[in-house]
1. Highest GNM mean-square fluctuation, the chain, Cα pairs closer than 10 Å: which of 164, 43, 13?
2. Note down the Stokes-Einstein diffusion coefficient of the stretch 99-140 in µm²/s, whole number, using a Kirkwood radius over alpha carbon pairs, 25 °C, and 0.890 mPa s.
3. Take every Cα pair under 8 Å in the chain that's 6+ residues apart, average their separations, divide by the length, and report that relative contact order as a whole percent.
4. Considering only the chain, what is the antiparallel percent among its DSSP beta bridges, to the nearest 5?
5. Let's test this: bin the Cα-Cα distances of the chain at 20 Å from zero up to the farthest pair and state each bin's percent.
6. To one decimal place, what orientation-averaged projected area in nm² is obtained for the convex hull of the Cα set of the stretch 8-136?
7. List residues of the stretch 47-89, by number, whose backbone nitrogen lies under 11 Å from a label position 7 Å along Cα→C-beta of residue 302.
8. Take the chain, connect every pair of alpha-carbon atoms lying under 10 Å apart with a spring to form a Gaussian network, then pick out the residue of 78, 124, 244 with the largest mean-square fluctuation.
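The values are calculated or read from the model by the stated rules, or taken from the named source; none is laboratory data. Bear in mind the structure is a predicted one, so any value in this text is a computation, not a measurement. Methodologically, a virtual Cβ is constructed for each residue, glycine included, from the backbone with ideal geometry; neighbour enumeration extends over all protein chains shown. Just so you know, the surface numbers come from the protein's heavy atoms only, side chains and all, with ligands and any DNA or RNA stripped out. Shrake-Rupley method; radii C 1.70, N 1.55, O 1.52, S 1.80 Å.
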Amino acid sequence: MKIVFLDSATLGAVSLKPIEDLGNLVCYPVSSPSEALERVCDAEILIVNKIKVTAELIASAPKLKLICEAATGVNNIDVEAARGRDIPVMNVAAYSTDSVAQITFCQILGLLCDADRFDREVKDGSYSRSGIFTDVSSPYSELNGKTMGIIGMGNIGRRVARIAEAFGMKIIYYSTSGTSHCAEFPSLPLDELLSSADVVSVHCPLNAVTQGLIGERELGIMKSSAVIVNAARGGIIDEKALSDAVGSGKIAGAAVDVFTTEPLPADNPLLHCTRPERLRLTPHIAWASKEALDRLVRGIAENISNYLSCIPPGSLDD
(Lines give C-alpha, C1' and ligand atoms only; values in the text may rest on other atoms or scores of the structure.)
Protein backbone atom coordinates (compact mmCIF):
# COMPACT_ATOMS: atom_id res chain seq x y z
CA MET A 1 0.00 0.00 0.00
CA LYS A 2 1.49 3.34 -1.03
CA ILE A 3 1.09 6.33 1.28
CA VAL A 4 2.21 9.66 -0.19
CA PHE A 5 2.90 12.72 1.98
CA LEU A 6 3.18 15.75 -0.30
CA ASP A 7 4.51 18.34 2.19
CA SER A 8 6.21 16.44 5.00
CA ALA A 9 8.58 19.35 5.76
CA THR A 10 5.64 21.06 7.46
CA LEU A 11 5.99 18.58 10.34
CA GLY A 12 9.70 19.18 10.83
CA ALA A 13 11.82 16.35 12.20
CA VAL A 14 9.06 14.53 14.07
CA SER A 15 9.20 10.74 13.69
CA LEU A 16 6.73 9.38 11.14
CA LYS A 17 7.26 5.77 12.23
CA PRO A 18 3.61 5.23 13.31
CA ILE A 19 2.62 5.96 9.70
CA GLU A 20 5.56 4.07 8.16
CA ASP A 21 4.44 0.95 10.02
CA LEU A 22 1.18 0.97 8.05
CA GLY A 23 2.54 0.86 4.48
CA ASN A 24 5.07 2.16 1.99
CA LEU A 25 5.38 5.81 3.01
CA VAL A 26 6.86 8.14 0.40
CA CYS A 27 7.58 11.64 1.68
CA TYR A 28 8.16 14.79 -0.35
CA PRO A 29 9.31 17.75 1.79
CA VAL A 30 7.47 20.20 -0.48
CA SER A 31 5.47 19.86 -3.71
CA SER A 32 4.55 22.45 -6.30
CA PRO A 33 1.09 22.09 -7.88
CA SER A 34 2.59 20.43 -10.97
CA GLU A 35 4.79 18.13 -8.89
CA ALA A 36 1.80 17.15 -6.75
CA LEU A 37 -0.13 16.05 -9.84
CA GLU A 38 2.70 13.70 -10.81
CA ARG A 39 3.40 12.38 -7.32
CA VAL A 40 -0.14 11.18 -6.59
CA CYS A 41 -0.52 9.07 -9.73
CA ASP A 42 -0.14 5.77 -7.85
CA ALA A 43 -0.98 6.91 -4.31
CA GLU A 44 -3.60 4.95 -2.41
CA ILE A 45 -3.49 7.13 0.68
CA LEU A 46 -2.62 10.81 0.48
CA ILE A 47 -1.38 12.96 3.36
CA VAL A 48 -1.27 16.75 3.07
CA ASN A 49 -0.93 19.69 5.41
CA LYS A 50 -1.19 22.88 3.34
CA ILE A 51 -1.08 21.47 -0.19
CA LYS A 52 -4.29 22.28 -2.09
CA VAL A 53 -6.08 19.05 -2.99
CA THR A 54 -8.09 20.17 -6.00
CA ALA A 55 -10.51 18.24 -8.17
CA GLU A 56 -7.71 18.04 -10.75
CA LEU A 57 -5.31 16.49 -8.27
CA ILE A 58 -7.91 13.96 -7.14
CA ALA A 59 -8.56 13.04 -10.78
CA SER A 60 -4.80 12.48 -11.22
CA ALA A 61 -4.85 9.78 -8.53
CA PRO A 62 -6.93 6.88 -9.89
CA LYS A 63 -5.92 4.55 -7.04
CA LEU A 64 -6.65 7.06 -4.28
CA LYS A 65 -8.79 5.66 -1.46
CA LEU A 66 -8.20 8.03 1.48
CA ILE A 67 -7.09 11.64 2.07
CA CYS A 68 -5.56 12.45 5.43
CA GLU A 69 -5.28 16.09 6.52
CA ALA A 70 -2.22 16.66 8.73
CA ALA A 71 -4.15 19.32 10.64
CA THR A 72 -7.66 20.05 11.87
CA GLY A 73 -8.98 22.36 9.13
CA VAL A 74 -9.70 20.87 5.70
CA ASN A 75 -10.29 24.11 3.80
CA ASN A 76 -7.35 23.21 1.50
CA ILE A 77 -9.19 20.10 0.25
CA ASP A 78 -11.97 19.96 -2.32
CA VAL A 79 -14.16 17.79 -0.12
CA GLU A 80 -16.97 17.68 -2.68
CA ALA A 81 -14.63 16.33 -5.35
CA ALA A 82 -13.41 13.68 -2.91
CA ARG A 83 -16.98 12.77 -2.02
CA GLY A 84 -17.74 12.34 -5.71
CA ARG A 85 -15.13 9.57 -5.78
CA ASP A 86 -16.27 8.13 -2.41
CA ILE A 87 -12.89 9.08 -0.93
CA PRO A 88 -13.07 9.81 2.81
CA VAL A 89 -11.31 12.93 4.09
CA MET A 90 -10.01 12.50 7.64
CA ASN A 91 -8.50 15.21 9.83
CA VAL A 92 -7.00 15.19 13.32
CA ALA A 93 -9.01 17.15 15.86
CA ALA A 94 -7.84 18.66 19.16
CA TYR A 95 -4.17 17.63 18.86
CA SER A 96 -2.98 21.25 19.25
CA THR A 97 -5.36 22.51 21.94
CA ASP A 98 -2.74 22.78 24.68
CA SER A 99 -0.10 24.08 22.29
CA VAL A 100 -2.23 26.93 20.94
CA ALA A 101 -3.52 27.88 24.39
CA GLN A 102 0.04 28.05 25.70
CA ILE A 103 1.27 30.31 22.90
CA THR A 104 -1.84 32.46 23.28
CA PHE A 105 -0.92 33.23 26.88
CA CYS A 106 2.76 33.57 26.02
CA GLN A 107 1.70 36.41 23.71
CA ILE A 108 -0.81 37.93 26.11
CA LEU A 109 1.70 37.98 28.96
CA GLY A 110 4.40 39.34 26.69
CA LEU A 111 2.15 42.24 25.69
CA LEU A 112 0.70 43.06 29.10
CA CYS A 113 3.92 42.54 31.06
CA ASP A 114 6.06 44.39 28.47
CA ALA A 115 8.54 41.55 28.88
CA ASP A 116 10.73 42.43 25.89
CA ARG A 117 11.23 46.02 27.04
CA PHE A 118 12.30 45.02 30.53
CA ASP A 119 14.69 42.42 29.11
CA ARG A 120 16.29 45.02 26.81
CA GLU A 121 16.55 47.53 29.65
CA VAL A 122 18.70 45.20 31.70
CA LYS A 123 20.84 43.97 28.81
CA ASP A 124 21.54 47.40 27.29
CA GLY A 125 22.78 48.77 30.61
CA SER A 126 19.90 51.18 31.24
CA TYR A 127 19.01 49.43 34.49
CA SER A 128 22.62 49.39 35.69
CA ARG A 129 22.91 53.14 35.07
CA SER A 130 19.56 54.04 36.63
CA GLY A 131 20.72 54.33 40.23
CA ILE A 132 17.51 52.73 41.54
CA PHE A 133 16.70 49.09 42.25
CA THR A 134 13.55 48.98 40.11
CA ASP A 135 11.79 50.57 37.13
CA VAL A 136 8.29 51.78 37.88
CA SER A 137 8.21 54.41 35.14
CA SER A 138 5.68 52.40 33.15
CA PRO A 139 4.07 49.66 35.28
CA TYR A 140 2.70 46.53 33.63
CA SER A 141 -0.90 45.33 33.97
CA GLU A 142 -2.32 42.37 35.87
CA LEU A 143 -4.75 39.91 34.27
CA ASN A 144 -6.69 39.46 37.50
CA GLY A 145 -10.00 41.28 37.27
CA LYS A 146 -9.70 41.93 33.53
CA THR A 147 -12.19 40.67 30.94
CA MET A 148 -11.18 38.03 28.39
CA GLY A 149 -13.24 38.08 25.20
CA ILE A 150 -12.95 34.85 23.22
CA ILE A 151 -14.08 34.68 19.61
CA GLY A 152 -14.93 31.02 18.97
CA MET A 153 -15.62 28.79 21.98
CA GLY A 154 -14.47 25.43 20.61
CA ASN A 155 -11.88 23.13 22.17
CA ILE A 156 -9.13 25.75 22.10
CA GLY A 157 -11.42 28.60 23.15
CA ARG A 158 -12.58 26.62 26.17
CA ARG A 159 -8.98 25.79 27.17
CA VAL A 160 -8.05 29.45 26.91
CA ALA A 161 -11.08 30.29 29.05
CA ARG A 162 -9.96 27.86 31.76
CA ILE A 163 -6.47 29.37 31.88
CA ALA A 164 -7.92 32.88 31.94
CA GLU A 165 -10.12 31.88 34.88
CA ALA A 166 -7.01 30.71 36.75
CA PHE A 167 -5.63 34.23 36.35
CA GLY A 168 -8.84 35.63 37.83
CA MET A 169 -10.27 36.95 34.58
CA LYS A 170 -13.93 37.34 33.67
CA ILE A 171 -14.83 35.35 30.52
CA ILE A 172 -17.16 36.40 27.71
CA TYR A 173 -17.38 34.96 24.21
CA TYR A 174 -18.82 35.42 20.74
CA SER A 175 -20.09 32.46 18.72
CA THR A 176 -19.24 32.88 15.04
CA SER A 177 -21.65 30.05 14.19
CA GLY A 178 -24.50 31.69 16.08
CA THR A 179 -25.17 28.61 18.22
CA SER A 180 -23.80 29.88 21.56
CA HIS A 181 -23.55 26.26 22.70
CA CYS A 182 -21.38 26.99 25.76
CA ALA A 183 -23.72 27.88 28.61
CA GLU A 184 -20.88 28.20 31.11
CA PHE A 185 -19.93 31.71 30.02
CA PRO A 186 -21.94 34.69 28.72
CA SER A 187 -22.31 34.82 24.94
CA LEU A 188 -22.39 38.37 23.58
CA PRO A 189 -22.76 40.04 20.19
CA LEU A 190 -19.40 40.79 18.61
CA ASP A 191 -19.56 44.57 19.07
CA GLU A 192 -20.42 44.21 22.75
CA LEU A 193 -17.57 41.76 23.29
CA LEU A 194 -15.05 44.01 21.56
CA SER A 195 -16.10 47.08 23.53
CA SER A 196 -16.04 45.20 26.87
CA ALA A 197 -12.91 43.03 26.66
CA ASP A 198 -9.45 43.94 27.92
CA VAL A 199 -8.01 40.99 26.00
CA VAL A 200 -9.54 39.59 22.80
CA SER A 201 -8.40 36.14 21.70
CA VAL A 202 -9.45 34.70 18.32
CA HIS A 203 -10.05 30.93 18.10
CA CYS A 204 -12.63 30.48 15.34
CA PRO A 205 -12.30 28.76 11.95
CA LEU A 206 -11.80 30.71 8.74
CA ASN A 207 -14.92 30.51 6.60
CA ALA A 208 -17.32 32.72 4.68
CA VAL A 209 -18.68 34.16 7.94
CA THR A 210 -15.35 34.90 9.62
CA GLN A 211 -13.39 36.15 6.61
CA GLY A 212 -12.61 39.79 7.43
CA LEU A 213 -14.61 39.52 10.67
CA ILE A 214 -12.50 42.16 12.40
CA GLY A 215 -11.62 45.26 10.41
CA GLU A 216 -11.12 48.97 11.00
CA ARG A 217 -14.61 49.50 12.42
CA GLU A 218 -14.38 46.57 14.84
CA LEU A 219 -10.89 47.52 16.04
CA GLY A 220 -12.19 51.03 16.62
CA ILE A 221 -14.77 49.65 19.05
CA MET A 222 -12.10 48.15 21.31
CA LYS A 223 -10.73 49.88 24.39
CA SER A 224 -7.52 51.83 23.79
CA SER A 225 -5.99 49.80 26.62
CA ALA A 226 -7.00 46.43 25.10
CA VAL A 227 -4.90 43.89 23.21
CA ILE A 228 -5.92 41.31 20.62
CA VAL A 229 -4.36 37.94 19.76
CA ASN A 230 -4.97 35.88 16.62
CA ALA A 231 -3.75 32.28 16.78
CA ALA A 232 -6.58 30.96 14.61
CA ARG A 233 -6.32 31.74 10.88
CA GLY A 234 -5.07 34.59 8.76
CA GLY A 235 -7.83 36.52 7.05
CA ILE A 236 -10.05 36.79 10.13
CA ILE A 237 -8.47 40.13 11.07
CA ASP A 238 -7.75 42.77 8.42
CA GLU A 239 -3.96 43.03 8.58
CA LYS A 240 -3.64 46.65 7.44
CA ALA A 241 -6.37 47.77 9.80
CA LEU A 242 -4.62 45.96 12.66
CA SER A 243 -1.23 47.48 11.85
CA ASP A 244 -2.82 50.93 11.73
CA ALA A 245 -4.72 50.42 14.99
CA VAL A 246 -1.59 49.36 16.87
CA GLY A 247 0.58 52.01 15.22
CA SER A 248 -1.83 54.83 16.03
CA GLY A 249 -2.45 53.66 19.60
CA LYS A 250 -6.13 52.95 19.00
CA ILE A 251 -5.43 49.66 20.78
CA ALA A 252 -2.60 48.87 23.17
CA GLY A 253 -1.13 46.00 21.22
CA ALA A 254 -1.62 42.82 19.24
CA ALA A 255 -0.04 39.44 18.62
CA VAL A 256 -0.44 37.49 15.39
CA ASP A 257 0.65 33.92 14.64
CA VAL A 258 -1.28 33.44 11.38
CA PHE A 259 -1.36 35.45 8.19
CA THR A 260 -3.44 35.84 5.05
CA THR A 261 -0.43 34.79 2.95
CA GLU A 262 2.15 32.43 4.46
CA PRO A 263 5.05 32.80 4.69
CA LEU A 264 4.62 36.51 5.30
CA PRO A 265 5.45 38.69 2.25
CA ALA A 266 7.93 41.50 2.84
CA ASP A 267 5.31 44.12 1.94
CA ASN A 268 2.75 42.90 4.48
CA PRO A 269 1.55 45.92 6.51
CA LEU A 270 2.16 44.10 9.78
CA LEU A 271 5.91 44.30 9.09
CA HIS A 272 5.67 48.07 8.75
CA CYS A 273 3.75 48.96 11.90
CA THR A 274 4.93 52.25 13.38
CA ARG A 275 4.91 50.76 16.89
CA PRO A 276 6.55 47.37 16.24
CA GLU A 277 7.29 46.89 19.93
CA ARG A 278 3.53 46.56 20.52
CA LEU A 279 2.97 44.07 17.71
CA ARG A 280 4.26 40.56 18.37
CA LEU A 281 4.55 38.29 15.32
CA THR A 282 5.32 34.57 15.23
CA PRO A 283 5.64 32.30 12.16
CA HIS A 284 2.48 30.17 12.51
CA ILE A 285 3.92 28.03 15.30
CA ALA A 286 1.16 27.97 17.92
CA TRP A 287 -0.02 24.53 16.75
CA ALA A 288 3.45 22.97 16.63
CA SER A 289 4.83 22.07 20.05
CA LYS A 290 6.87 18.84 20.19
CA GLU A 291 4.01 17.12 21.96
CA ALA A 292 1.39 18.41 19.51
CA LEU A 293 3.42 17.17 16.52
CA ASP A 294 3.68 13.71 18.10
CA ARG A 295 -0.07 13.68 18.75
CA LEU A 296 -0.71 14.74 15.17
CA VAL A 297 1.38 11.92 13.68
CA ARG A 298 -0.29 9.38 15.95
CA GLY A 299 -3.68 10.80 14.96
CA ILE A 300 -2.91 10.44 11.24
CA ALA A 301 -1.73 6.87 11.81
CA GLU A 302 -4.88 6.11 13.79
CA ASN A 303 -7.06 7.50 11.00
CA ILE A 304 -5.28 5.31 8.44
CA SER A 305 -5.48 2.27 10.69
CA ASN A 306 -9.18 2.81 11.36
CA TYR A 307 -9.84 3.16 7.65
CA LEU A 308 -7.89 0.01 6.80
CA SER A 309 -9.75 -2.00 9.42
CA CYS A 310 -12.97 -1.30 7.51
CA ILE A 311 -11.59 -2.29 4.08
CA PRO A 312 -12.15 -5.86 2.85
CA PRO A 313 -8.91 -7.81 2.20
CA GLY A 314 -7.57 -7.27 -1.30
CA SER A 315 -9.19 -3.88 -1.80
CA LEU A 316 -5.84 -2.11 -1.69
CA ASP A 317 -2.66 -2.90 -3.58
CA ASP A 318 0.19 -4.49 -1.62
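1. Between 164, 43, 13, it is 13 that shows the largest mean-square fluctuation.
2. Stokes-Einstein gives a translational diffusion coefficient of 212 µm²/s.
3. 17
4. Of those bridges, close to 0 percent are antiparallel.
5. Calculated P(r), rounded to whole percents: 29, 50, 19, 2.
6. 11.7
7. none
8. In the Gaussian network model the winner is 124.
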